Amino acid sequence: MRVVAGLIGLLSLLYATIGAGADCSCLVGSGPANGWLLIHGGGNITPESKERFVALAGGPNGKFVFIPTALADTEIEFNALRAKYSSWFNIQNIVVLHTRDRDRANSDDFVEPLRNASAVFFDGGRQWRLVDAYLGTAVEREIKALLARGGVVGGSSAGASIQASYLVRGAPATPQNPDGDNTIVMSPGHETGFGLLTNSAIDQHVDARGRAHDLDSVLSAHPGLLGIGIDQAAAIVVHKDRFFVVGGEILIHDGQEHDGEPYYALQPKTGFNLKLRSIDTLGRQQSGYDWVFEVKSAARHNSRGVTTTGAGTLGLAEGATPPPQPINFECNVAVFAIGDNRYAAKRNGEHQFDIMARSLDSDELQSYACTY
């Protein structure tokens with residue numbers, strides 16, 4: 001164990017020096033040039049996050065690898081986990097990949113499923129277990145190769161934090177605490193993640209566990225990093241140098257003060273430019289979208305491309321007169337009743353309106369037609 005710990009410590013120092021570059025005040029973060037990241041804050045995964053993950057993998061017939069290594073040994077039972085992941089995402093082509101042996105993680109037969117995969121998902125638990133098993137191994141290299149060929153990597157809770165370059169809450173097991181201590185935000189020797197989102201530190205469960213200020217110490221020690229605090233059920237979808245928010249609120253820590261706080265909030269559907277470290281102005285709401293479409297129920301149909309039918313309301317902004325009217329709708333894009341379910345809209349003729357939304361496999365905010 002001392003040899004492994006020493007190796008991990010050396011890797012952490014090397015990565016922090018040449019990869020994270022955490023003490024530079026001019027860092028620019030980015031996601032994968034070809035692939036996608038879905039970074040989820042823990043707790044329930046909303047339908048939108050699930051559908052986007054599957055769509056970015058090429059659909060339900062894609063090849064999915066799930067990695068539960070952040071869980072404790074007593075929580076890892078392959079058949080039960082395979083059934084859980086199948087139920088979560090409504091998919092069947094699943095490989096559950098797990099080891100705590102770094103030699104095994106470097107073997108060709110172990111990583112073969114990753115070489116053929118279109119998607120990888122890291123389950124929650126303790127992120128130090130992912131570091132000890134996979135940092136600097138063939139598993140990490142094959143995950144990055146998957147992204148290079150256009151695949152998607154998702155993860156929730158610990159599976160979110162591991163995707164950053166700087167790893168928060170990485171304190172490993174001790175004889176007194178075999179799960180490690182996830183209240184320790186900065187743990188020397190376990191401060192390096194996989195760097196799928198470069199020059200970043202990602203925290204999770206922010207709202208549920210009162211962690212709004214927990215990235216303060218990280219940004220103070222490493223002022224060049226971008227801190228991203230993700231609420232439970234919320235997620236960000238990352239592609240190249242942009243991401244957008246799904247299902248809840250996230251907090252951006254950029255080393256600046258914002259109305260007396262060292263962070264500011266991004267609401268669902270908001271885009272963010274990692275290169276400029278600012279709210280994304282590409283595809284922003286167009287002129288005339290001053291109505292609000294709120295989804296109450298939704299059902300997906302794929303016979304003519306992705307369409308959604310359901311019930312909702314359509315009207316001017318909240319508090320306006322007349323109040324929003326109930327409607328039954330059909331939209332030619334996926335919309336959602338769970339998570340953030342309000343869309344900017346404009347009337348476009350009798351029983352017709354347009355909304356601003358993103359298709360499941362795109363990060364572009366565009367106009368889509370609906371009828372009622």
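Just so it is clear, none of the values below were taken in a lab; they were calculated from the coordinates. What you see is a predicted model; the values in this text were computed from it and never measured. As a convention, Cβ positions derive from the backbone with ideal geometry for all residues, glycine included, and neighbour counts pool all protein chains shown.
Some notes on this structure:
- Rounded to whole Å, sorted largest first: equivalent-ellipsoid semi-axes of the stretch 127-168, Cα gyration tensor: 17, 13, 8
- Length-normalised contact order of the chain in % [C-alpha pairs under 8 Å, at least 6 apart]: 17 percent
- Structure-based [θ]222 nm, the chain - -39500 (n - 2.57) summed over DSSP H runs of at least 4, per residue, nearest 500: -6000 deg cm²/dmol
- Charge dipole (debye, nearest 20) of the stretch 235-372; +1 at Cβ of Lys and Arg, -1 at Cβ of Asp and Glu: 460 debye
- Summing charges over all other residues whose Cβ lies under 13 Å from the Cβ of residue 125, with Lys and Arg as +1 and Asp and Glu as -1, gives -1.
- Cβ crowding within 10 Å, taken as a proxy for footprinting-reagent exposure, orders 38, 276, 219 from fewest neighbours to most as 276, 219, 38.
- Among the listed pairs 50/84; 240/269; 63/269; 269/346; 50/346, those beyond 19 Å (Cα-Cα): 63/269; 50/346
- For the chain: rounded, prolate or oblate by the Cα gyration tensor [a/c cutoff 1.5]: prolate
- Global geometry of the stretch 291-371, whether rounded, prolate or oblate, following the gyration tensor of its Cα atoms and the 1.5 cut on a/c: prolate
- In the chain, a dipole from Cβ-located charges (positive for Lys and Arg, negative for Asp and Glu) runs towards its positive end, and of 96, 343, 322 it is 96 whose Cα lies farthest in that direction.
- Choice from 205, 40, 301 showing the highest fluctuation, given a GNM over the chain with Cα pairs closer than 10 Å: 301
- Alpha-carbon centroids, the stretch 104-125 and the stretch 292-319: separation in whole Å: 37 Å
- Cβ-defined net charge surrounding residue 194, 11 Å radius [Lys, Arg +1; Asp, Glu -1]: +1
- Order of 291, 36 - criterion: other Cβ atoms within 10 Å of each residue's Cβ, fewest first: 291, 36
- Working from label points 7 Å from Cα in the Cα-to-Cβ sense, the residue 348 to residue 181 distance is 5.7 nm.
- For the stretch 165-218: rounded, prolate or oblate by the Cα gyration tensor [a/c cutoff 1.5]: oblate
- Axial C-alpha extent at least 18 Å, average Kyte-Doolittle at least -1.0 - helices from the chain (DSSP): 2-15
- Projecting the Cα atoms of 186, 289, 227 onto the charge dipole of the chain (Cβ charges, centred on the Cα centre) puts 289 farthest toward the positive pole.
- Residues 87, 362, 49, 161, arranged from fewest to most other Cβ atoms within 10 angstrom of their Cβ, appear as 87, 362, 49, 161.
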